[in-house]
Each structure stands twice: as C-alpha cells, then as structure tokens.
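Data block below; observations after.
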Amino acid sequence: MTLLDEINLKAKTDKNTGFGTNPSSYGGRFINKNGSANIEKRGMSLWHRISWYHTLIDMPIWKFMVIVLTFYIGINFVFAMIYFWIGVENLEGITQSDSVWEQFGKAYFFSAQTFTTVGYGHISPKGFLTSALSATEALIGLLSFAIATGLFFGRFSKPTAFLKFSHNALIAPYGDIKGLMIRMVPYKNTNFTDAEAKMTLGMSVEENGEMVNKFYTLDLELMRINSLSLSWTLVHPINEQSPLYQFSKSDFENVHGELLVYVKTFDDMFSSTVATRTSYTFDEVVYGAKFVPMYTRNFDHSATVLHIDKLNLFELVTFN
C-alpha cells in the first residue's frame, strides 16, 4: 500500500481549494507567505490585467509615498520645462538678468505654486499661452490632489486583518500524540471577535503512475474562538484520521507539501469581517519543537502582557 493509499483511507479530501491537480503546471508554492497567490498573469497588457487602485492601496506605505513624491516632482518638472520653452519673459517676476538655472528654478517653483493652487503672487503669467498652461496645470493639480486624497483615505480606512503568523509550523507533543501547530497574534490595537480558521494540506503524490496534487482538510482542535485578543495556536491533532499520521521527520524533508491556512475574523471597529491567509511548505515545518509562551502577567498582576516579539520563538523537544 502506497503513502497515498494510506492517506486516502483516513483523510478527508478537499476538492474546493481552487487549485489544479497537475503539479507539472505549478511553479513553487501555492500561496506566498504574505497570503498573496503565487501567480503571474500574462496574455493581456499591463494596463488591463492590473487594478492600479488596488495596487496603490495594498503596496507598502514607503513605496506609496515614493510614487506620490516622484509624481509631484516629475509633473512640476515637466510643466517648468514647458514654461521655459514658451519663454520665461511671459512670467512676470523672472528677469532676463537671472542665470538660466535661476530662471528654470523660478519657473519650477511657479509650477509648484500653480499645481497646488497656492499662488503667492511673486510670479504671475502673462500672455495667452502661459495663462492657458497655468490654468490647465491648476486643473490637473486639483484632480491629482483629489485622487491622492482618495487613495490616502482608502489606505487608512481599509479594513485589514492585522494578524501575524509564526515563521514556522511545528510538530510538537500534544497529549499522548503529536500535533501540527501554527501560531498567530493580533499586533495592533484592534478588537477581533468570532475568529474562524481553516487549514488545508496540499501534497504532490503519485497516483496510477502519475504525479498529482492532492488536498486534504486538516481537523483543528479549535476552529473558532469568540475573542482573538491574545495569541492563538492552531493545533491539528495527528491521530489515526490525520493524513500526517504516518509522517516521520524524513517524510517532511522528502515529500513536496504545503499547508494552507485561512483565517477570518470580525473587526468591531469597522463592523466588518476581515480575512487573511498564509502557507507553510514542508521545509518550513520544524519537527520536534514547541512554541515558547507569549504572554504573562504584569508585575502587579493587574493585566496580561502579550510579548509579540516572541511569536516565532520555539524550543526543541523529543518525543516519547
């Protein structure tokens, strides 16, 4: 009897994962560590296959600020070049005695003042072309700041599952048996309730002489908790009904597998349900370890201290 046959006899197959069964069509893992799908979409132009709104909302804040500042500096540079091409003599306040760099600098700052509709009045346009250009720039500036304001609001108001997952999954002692354990923790001052988790095992195994992807639902000790304020360790008991029942340390090293973790919870600040996910390949599973406790009482026993920096800490253990 093959490993697949032994697993299929006792495990619940999950056919609703959304992933295909042919492993030769897949490269790398199913889901990235940050929860995004490990997919590259091709066959359409970049403008059609990417939602720029979602891209700007989801990207790290430093990248977003770099794009905003680059756009602001760049567009003012373009308008300054156009003003300079029309002729700085059409801008009151810039004298011909100024050097070329001073003239361009003044044209640039006039562009910035027009773009932001500040208009200090030190420099003003004269003539039809310059006036028309400054009016166009002011309109573009108003629209650009409206878009930027909407993006800032979207970033701040977007409901997000502020949950961190441990870097590793552990095979740890669990009563008289073993258990697969993954830990998570809320890391911001949010209130999560009605948290629900699901764990799926995906493996590439041989079936009828061909390699196929098989997915199995992993039963959890607790699939739902009422309040997610401290750390939560997801525990899959490795009993006779588990597809990992016969797995040894060498199996985790030699079999290509991945643990898919899905979590959704209710954020009472936004009164909405938020969701997140992550995955662990078998080489990210530590066999024979247990997590170090994350929370303790404070010095006067009046509150509980949650040590978020201990999320990934574990110690090695031996099985009986």
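Quick look at the numbers
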| read-out | value |
| --- | --- |
| Which listed residue, of Tyr120, Tyr26, Tyr83, Tyr108, is of a type in the set (Phe, Trp, Tyr), farther than 30 Å from Phe156 by Cα and in contact with a Ser or Thr (Cβ under 7 Å, 6 or more places away or on another chain) | Tyr83 |
| All positions within segment 90-122 that are over 16 Å from Leu133 (Cβ atoms), open to solvent by 40 Å² or more (accessible area, probe 1.4 Å) and either touching a Lys or Arg at 6+ places or on another chain (Cβ under 6 Å) or not in a loop (DSSP other than H, G, I, E, B) (or both) | Val100, Trp101, Glu102 |
| Scan of segment 270-301 for residues that are among the polar types (S, T, N, Q) and open to solvent by 80 Å² or more (accessible area, probe 1.4 Å), ordered by number | Ser271, Thr273 |
| Boolean, Lys178 is assigned to a strand (DSSP E or B), open to solvent by 10 Å² or more (accessible area, probe 1.4 Å) and not hydrophobic (A, V, I, L, M, F, W, C) | yes |
| Matching entry among Lys126, Lys164, Lys106 (being among the charged types (D, E, K, R) and touching a residue at least 40 places away in the same chain (Cβ under 8 Å)) | Lys164 |
| Selection status of Ile39, under 16 Å from the mean Cα position of the chain (by Cα), under 26 Å from Leu163 (Cβ atoms), open to solvent by 100 Å² or more (accessible area, probe 1.4 Å) and modelled with pLDDT of 65 or more | yes |
| Pairs where the first residue, in segment 80-102, is of a type in the set (Phe, Trp, Tyr) and the second is not in a helix (DSSP H, G or I), C-beta under 9 Å, 6+ apart | Tyr83/Leu91; Tyr83/Pro125 |
| Members of segment 190-206 that are modelled with pLDDT under 80 and either surrounded by 14 or more Cβ atoms within 10 Å (Cβ to Cβ) or among the polar types (S, T, N, Q) (or both) | Ser204, Val205 |
| Among (1) part of a strand (DSSP E or B); (2) modelled with pLDDT under 90, the one test that Thr160 misses | (1) |
| Hey, Glu253 part of a loop (DSSP other than H, G, I, E, B), among the acidic types (Asp, Glu) and open to solvent by 80 Å² or more (accessible area, probe 1.4 Å) or not | no |
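Residue-by-condition table, conditions (1) in contact (Cβ under 8 Å) with a residue 40 or more places away in the chain; (2) in contact with a strand residue (DSSP E or B) (Cβ under 6 Å, 6 or more places away or on another chain); (3) part of a loop (DSSP other than H, G, I, E, B):
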| residue | (1), (2), (3) |
| --- | --- |
| Gly141 | no, no, no |
| Ile147 | no, no, no |
| Gly154 | yes, no, no |
| Ile171 | yes, yes, no |
| Val185 | yes, yes, no |
| Asp194 | yes, yes, no |
| Phe215 | yes, yes, no |
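The values are calculated or read from the model by the stated rules, or taken from the named source; none is laboratory data. Everything numeric here is computed off the predicted structure, so don't read it as measured data. Cβ coordinates were reconstructed from backbone atoms using ideal geometry, including for glycine residues, and neighbour counts include every protein chain displayed. Areas reflect the complete protein model, heavy atoms only, side chains present, ligands, DNA and RNA absent. Shrake-Rupley method; radii C 1.70, N 1.55, O 1.52, S 1.80 Å.
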